Amino acid sequence: MATKQEVKRYLAYWFQLGKKVVAANGQANFLPQQVLKGDRYSQEFEQCWQIILSPESGDCYLEGTHETIAELLTPAWEMLPCGRCDMPVALRSVGMPALLCPCNNLPNWPNTELPQPRSPVSTPAQLTSICDRLVDNLPLISPQQGTDKG
């Protein structure tokens, strides 16, 4: 089952590649200009997310897909990486998979020359994690080895 956070992340990744969310039977589109702001999602993205979740918006779906965001929030769906591009895609937990990955109509995608879409990153937490990994990989030096000039 896809969690609300996974569906939100799914939309954030595809928004970063220029995919829109279509709503109100095609009468409205959502594509925030800024998705990330430092270590969190941007206010514009958060507002868009709330509108998409609102029942007043009607059926909303990611451009190039057929599944509504409301459907993706049911136990019938999960988010897994696309076999072609590694972006998150919606797959049925049971039964037939979705017809297409949203990447199917993106020209020049996947493009390994460009940075991949990402989730917000907490810089202090990320730096601490990197530092911890570096410390874990340091060779152990005994006090005697440290003073040897040999």
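Data overview
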{"quantity": "Yes/no for W49 being within 12 Å of the chain's Cα centre (by Cα), closer than 17 Å to P120 by Cα and of a type outside the set (V, I, T)", "calculated": "no"}
{"quantity": "Members of the range 21-33 that are closer than 18 Å to K8 by Cβ, surrounded by 12 or more Cβ atoms within 10 Å (Cβ to Cβ) and touching a helix residue (DSSP H, G or I) at 6+ places or on another chain (Cβ under 8 Å)", "calculated": "V21, A23, F30, L31, P32"}
{"quantity": "Long-range neighbours under 6 Å by Cβ, at least six apart or interchain, first residue over 13 Å from M1 (Cα atoms) within the range 54-80, second acidic (D, E)", "calculated": "T68/D59"}
{"quantity": "Residues of the range 84-143 satisfying the condition of being closer than 25 Å to E71 by Cα, at pLDDT 75 or above and surrounded by fewer than 10 Cβ atoms within 10 Å (Cβ to Cβ)", "calculated": "V94"}
{"quantity": "Search result, residues across the range 34-75 that are crowded, with 16+ Cβ neighbours inside 10 Å and among the small types (G, A, S)", "calculated": "S42, S57, G64, A70"}
{"quantity": "The range 36-71, residues that are in contact with a Ser or Thr (Cβ under 8 Å, 6 or more places away or on another chain), assigned to a strand (DSSP E or B) and not aromatic (F, W, Y)", "calculated": "L36"}
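The values are calculated or read from the model by the stated rules, or taken from the named source; none is laboratory data. Model, not experiment: these values are computed from the prediction. Note that we place each Cβ from the backbone using ideal geometry, even for glycine, and neighbour counts take in every protein chain shown.
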